[in-house]
1. Considering region 61-74 alone, what residues qualify as being without any contact (Cβ under 8 Å) to a residue 24 or more places away in the chain and not in a loop (DSSP other than H, G, I, E, B)?
2. Being within 22 Å of R93 (Cβ to Cβ), open to solvent by 70 Å² or more (accessible area, probe 1.4 Å), in a loop (DSSP other than H, G, I, E, B) and not aliphatic (A, V, I, L, M): is that true of R8 here?
3. Go over the candidates D14, D58, D48, D82 one by one and state the one that is at pLDDT 85 or above, out of contact with any Leu (no Cβ under 8 Å at 6 or more places or on another chain), buried (at least 18 other Cβ atoms within 10 Å of the Cβ) and not in a loop (DSSP other than H, G, I, E, B).
4. So in region 17-45, with the set limited to residues that are assigned to a loop (DSSP other than H, G, I, E, B) and acidic (D, E), which one is modelled with the lowest pLDDT?
5. Could you go through region 45-53 and let me know if any residue there is out of contact with any strand residue (DSSP E or B) (no Cβ under 6 Å at 6 or more places or on another chain), without any contact (Cβ under 8 Å) to a residue 40 or more places away in the chain and farther than 17 Å from P27 by Cα.
6. Filter region 17-26 for residues that are within 10 Å of the chain's Cα centre (by Cα) and β-branched (V, I, T); which is most open to solvent (accessible area, probe 1.4 Å)?
7. Given the criterion open to solvent by less than 40 Å² (accessible area, probe 1.4 Å), free of Cβ contacts under 8 Å to residues at least 24 places away in the same chain and of a type outside the set (D, E, K, R), identify the matching residue among L33, L39, L29, L77.
Amino acid sequence: MTDAATPRLPDRDDVMKLVTTVLAERPHLPDRLDASTTLDEIGMDSLDLIVVFSRFEDAWGVPYSEEETDWTVFDNLGHLADTLVARARAATREPR
């Protein structure tokens, strides 16, 4: 049972929609992105990743740290989305 103060956990589709929406707003990134798009091929950098993490935090209340903004650890946008979904699930299990 989820109360009104607890946001619904995102799934991969939710996060991919957020990621592609955020990145489409960035002027130097293409607007046609999918799970197989590599961060390298679109020229994504740590600033772009910070924007994604910030929006993710706003949407689902999952904080991030600056140490986590190394875009080179993600194979593609699907890997990024899967990582964020896992973080959201882990955050709900962590004691507050």
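1. Hits for region 61-74 are E66, E67, E68, V73.
2. When the stated conditions are applied, R8 passes them.
3. D14
4. D31
5. Yes.
6. Per the criteria, the residue is T20.
7. None of the others qualify; the one that does is L29.
The values are calculated or read from the model by the stated rules, or taken from the named source; none is laboratory data. In this text, all values refer to a predicted model and were calculated from it rather than measured experimentally. Neighbour counts run over all protein chains shown; Cβ positions are idealised from the backbone, glycine included. Calculation scope for accessible area: heavy atoms of the full protein, side chains included, ligands and nucleic acids excluded. Shrake-Rupley method; radii C 1.70, N 1.55, O 1.52, S 1.80 Å.
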